[in-house]
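Written out below as structure tokens is the structure these notes cover.
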Amino acid sequence: MNDDSRRATDTTAHTQVITERKNPSMCQHQSPCPSAHSADRESARLVAHHPEQGWSLLCNGVVLFEDTGELLPDGSVIAPQRSLDVTLTSA
């Protein structure tokens, strides 16, 4: 084997680079949209809308479902708000 066919590897110069990934808020709007935990979280702007699949993603990280349920960025679930259809009859 000649030197041109050898693969050179340097095992002595290992540098470990650690980068911290910061999770900035998805919302970059001025003035910022409501946070995922605020009462008006559903008024944040749409980032992705998939009506064929029944969900939408808001810029605050909330996933809204067609049945009015929600999934928050921390994994918390907001149950669907179903209306009660009540028929009133008079006697």
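Quick notes on this one:
- Looking across the stretch 52-83 at every residue that is farther than 15 Å from Cys33 by Cβ and small (Gly, Ala, Ser), the one that is most open to solvent (accessible area, probe 1.4 Å) is identified as Ser83.
- Matching residues in the stretch 37-57 - criterion: being out of contact with any strand residue (DSSP E or B) (no Cβ under 8 Å at 6 or more places or on another chain) and among the small types (Gly, Ala, Ser): Ser38, Ala39, Ser43
- Neighbours by Cβ (under 7 Å, 6+ apart or cross-chain): first from the stretch 54-80, closer than 14 Å to Asp40 by Cα; second basic (Lys, Arg): Leu58/Arg45; Cys59/Arg45; Asn60/Arg41; Val62/Arg41
- None of Ser38, Ser25 is among the hydroxyl-bearing types (Ser, Thr, Tyr), surrounded by 10 or more Cβ atoms within 10 Å (Cβ to Cβ), modelled with pLDDT of 85 or more and in a loop (DSSP other than H, G, I, E, B) except Ser38.
The values are calculated or read from the model by the stated rules, or taken from the named source; none is laboratory data. Remember, it's a predicted structure, so these values are computed and weren't measured experimentally. Note: ideal-geometry Cβ built from the backbone for every residue, glycine included; neighbour counts use all protein chains shown. Accessible surface areas use protein heavy atoms only, side chains included; no ligands, DNA or RNA. Shrake-Rupley method; radii C 1.70, N 1.55, O 1.52, S 1.80 Å.
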